[in-house]
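Asker: The structure is given below, and queries will be raised subsequently.
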Amino acid sequence: MENIRPKAGEVIPWEIHEKEYEKILGDKELLKQQWQNIETIAFRFIWSILTDF
C-alpha cells in the first residue's frame with residue numbers, strides 16, 4: 001500500500017489517480033489541473049454536507 005496522503009482539500013490525490021491511466025495522451029498538466037479542480041469541488045461538497053448536519 002502506498003503512503004501517499006491527500007493534501008488539504010483533496011479526496012484522492014492526483015498521484016494515485018494518475019496510475020489508473022494506462023497511458024495519458026495529450027496534455028498531462030491540463031488533465032492534472034482539471035482533476036484538481038474537480039477534487040476541490042468534491043471536497044467542498046462533502047465538507048458542506050458534513051457540517052450542515
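Every number here is computed from the coordinates shown, using simple stated rules; none is lab data. Just so it is clear, the model here is predicted, and its values are computed rather than measured. Note that each Cβ is placed from the backbone with ideal geometry, even for glycine, and that neighbours are counted across all protein chains shown.
Asker: Only residues of region 1-35 count here: report those whose backbone N is under 15 Å from the spot 7 Å along Cα→Cβ of residue 45, or say none.
Answerer: Residues 10-12, 35 qualify, since their backbone N sits under 15 Å from the label point.
Asker: Express the relative contact order of the chain as a whole percentage, based on alpha carbon pairs under 8 Å and six or more residues apart in sequence. Could you put the intermediate results ahead of the total?
Answerer: Numbers: 22 pairs, mean separation 22.1, N = 53.
Once divided by the residue count of the chain, the mean separation gives 42 percent.
Asker: Using the Kirkwood radius over Cα pairs, work out the Stokes-Einstein diffusion coefficient for the chain at 20 °C and 1.002 mPa s, in µm²/s as a whole number.
Answerer: 173
Asker: Compare 12, 38, 24 in a GNM of the chain, Cα atoms joined below 10 Å, and give the one with the largest fluctuation.
Answerer: Comparing 12, 38, 24 in a Gaussian network model of the chain, the most mobile one is 24.
Asker: For residue 28, list the aspartates and glutamates whose Cα falls under 14 Å from its own Cα; do not include residues on the same chain fewer than 8 positions away.
Answerer: Within the straight-line limit of under 14 Å, residue 28 reaches these aspartates and glutamates: 15, 18, 20.
Asker: Compute the angle between helix 28-52 and the longest alpha-carbon principal axis of the chain, please, reported from 0 to 90 degrees and rounded to the nearest 10.
Answerer: 10
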